[in-house]
1. All but one of (1) touching a His at 6+ places or on another chain (Cβ under 9 Å); (2) on the phi > 0 side of the Ramachandran plot hold for H327, so report the exception by its number.
2. Would you point out the residue of segment 310-326, among those that are surrounded by fewer than 18 Cβ atoms within 10 Å (Cβ to Cβ) and aliphatic (A, V, I, L, M), that is modelled with the highest pLDDT?
3. When the residues of segment 112-139 are filtered to those that are buried (at least 16 other Cβ atoms within 10 Å of the Cβ) and among the basic types (K, R), which remaining residue is farthest from the chain's Cα centre (by Cα)?
4. Restricting attention to segment 46-56, and to residues there that are more than 13 Å from V26 (Cβ to Cβ) and surrounded by 10 or more Cβ atoms within 10 Å (Cβ to Cβ), which single residue is nearest to the chain's Cα centre (by Cα)?
5. Between residues in segment 257-269 that are touching a residue at least 60 places away in the same chain (Cβ under 8 Å) and residues that are surrounded by 15 or more Cβ atoms within 10 Å (Cβ to Cβ) and assigned to a strand (DSSP E or B), which pairs lie under 8 Å by C-beta distance while being six or more apart or on different chains?
6. Looking only at segment 224-267, which residues are in a strand (DSSP E or B), within 22 Å of H385 (Cβ to Cβ) and among the charged types (D, E, K, R)?
7. Criterion first (within 27 Å of Q244 (Cβ to Cβ) and either within 27 Å of the chain's Cα centre (by Cα) or assigned by TED's automatic domain parsing to the domain that holds E210 (or both)) does L277 satisfy it?
8. Pick from segment 258-282 the residues that are of a type in the set (D, E, K, R) and surrounded by 11 or more Cβ atoms within 10 Å (Cβ to Cβ): which of them is farthest from E308 (Cα to Cα)?
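The values are calculated or read from the model by the stated rules, or taken from the named source; none is laboratory data. On a predicted model such as this, the values are computed, not experimentally measured, just so you know. Cβ sites come from the backbone with ideal geometry, for glycine too, and all protein chains shown count toward neighbours.
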Amino acid sequence: MEAFREYVVATAHVAPKHAPFYVGWVRQAYQLAGAEIGTPLSPEAEQDALLRIQGRSQDWQVRQARHALRLYRYFLGLGGAEKESDPTAGDPAAWGELAAKVQGVMRLQHKSLATERSYLLWARRFGAFTGAKPPEDVGAEDVTRFLSWLAVERRVSCATQSQALNALVFVFRHGLGRDLEGLDASVRAQVRRRLPVVLTQSEVLRLFEEMEGVRRLMAQMIYGCGLRLQECLRLRVKDLDLEQCLLTVRAGKGDKDRVTILPETLVPALMAHLTALRAVHDRDRADHVPGVELPNALDRKYPNAGAEWPWFWLFPAKTLSVDPRSHTVRRHHVYPDNVQRWVKQAAEAAGIAKRVTVHSLRHSFATHLLERGYDLRTIQELLGHANLQTTQIYTHVAKRNKLGVRSPLDGP
């Protein structure tokens, strides 16, 4: 397993101090599956091992174990067509230097952590796809083959293919110092129009009834204010205006600020939540916990602002965690996967036969406003859409637009 440990460090850019944990997860999964190290695990055996690990481990450990097994499949040469040639035959150090350079540029441009991770992931996948080629030898024809492989073999969506293209354009421009040209020959994924999943108002109420405490308050905020998940998680105490029932969303999609409505019915619950929150804030200050993360370079301009009450997270995590960029142990906001899981569990408990996600609450917010007669321009501003055409999708799911049509089966 020493070769696998070196592989995850050189190819997957896993920190050397974390590599032994990846080796340990693989050993544990193979032991649970009763298989011999070095032989491929069936998907069923791998899933069964992960389920058993889940029963005795925390969520982040399960994610790490899943990542380790995925890397081990590629290490064994089972990653599929993506590995047209052996990626370890190239120069892992050169690809690592390229990734570090691109990461530095993204941080200078204040890219979000999600964007940073996504771009680096696509860079690694592209490096594995090109095999033995060093970064300076890859070109537009390699990108064309990669994008075509994603569309034809992997059957990814148009959005995923576009994300991969944007990431590689950034890597070539800022990492290799040249622009990509001649990509017209690549196979494009088919654009499919999908209607959003929208809950009825009774389904929304049933969903809330299956939640309680902070979980319920977060779901109500997302629905009542029309928030994206990350917008809700990044709310600070200072973003609330309980007197005017307004909520300021800062650095939303497209790095834009906006003001949206705050339901009056949530004011009492928010006041009680702020009281409990202040106790957490004061305890952190008494324990000398570093202040919360601040956007951009505000922590250098105002060194003590992170420890001040107005900047405290509206929905902080229960435990401290390590900041992935500064490596500071501090209190972060609630982890997004937890919110997705809470909403999914509540939907199942409520017996809602739809694929309910957190974003479904935002879709429901816009649709219900449209059904009540509010104009599209107002809804566009509340949602923070840059283009009115994006908001118009809700006209296809709002019942108000169909009330004038009766089925012939219903009679004259």
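1. The single condition H327 does not satisfy is (1).
2. Applying the first criterion (surrounded by fewer than 18 Cβ atoms within 10 Å (Cβ to Cβ)) to segment 310-326 yields 310, 317-326.
Those left that are additionally aliphatic (A, V, I, L, M): 317, 320, 322.
On the way: A317: 94, L320: 90, V322: 85.
Filtering first and then ranking leaves A317.
3. Ranking the qualifying residues of segment 112-139, first place goes to K133.
4. Quick first cut of segment 46-56, residues more than 13 Å from V26 (Cβ to Cβ) only: 47-48, 51-52, 54-56.
Add one more test, that the residue is surrounded by 10 or more Cβ atoms within 10 Å (Cβ to Cβ), and what stays is 47-48, 51-52, 54.
Working: Q47: 22, D48: 25, L51: 22, R52: 25, Q54: 21 Å.
Across segment 46-56, the extreme among qualifying residues is Q54.
5. Matching pairs, first to second residue: R258/T248; R258/V249; T260/L247; T260/V249; I261/L247.
6. Here is the first cut: in segment 224-267, the residues in a strand (DSSP E or B) are 236, 240-241, 246-249, 258-261.
After this cut, where a residue has to be within 22 Å of H385 (Cβ to Cβ) as well, the list is 246-249, 258-261.
The one that is in a strand (DSSP E or B), within 22 Å of H385 (Cβ to Cβ) and among the charged types (D, E, K, R): R258.
7. Details: within 27 Å of Q244 (Cβ to Cβ): yes; either within 27 Å of the chain's Cα centre (by Cα) or assigned by TED's automatic domain parsing to the domain that holds E210 (or both): yes.
Spelling it out, L277 is indeed within 27 Å of Q244 (Cβ to Cβ) and either within 27 Å of the chain's Cα centre (by Cα) or assigned by TED's automatic domain parsing to the domain that holds E210 (or both).
8. So the first thing to find is which residues in segment 258-282 are of a type in the set (D, E, K, R), and the list is 258, 264, 278, 282.
Still in the list and also surrounded by 11 or more Cβ atoms within 10 Å (Cβ to Cβ): 258, 278, 282.
Numbers: R258: 23, R278: 11, D282: 10 Å.
For segment 258-282, the residue satisfying everything is R258.
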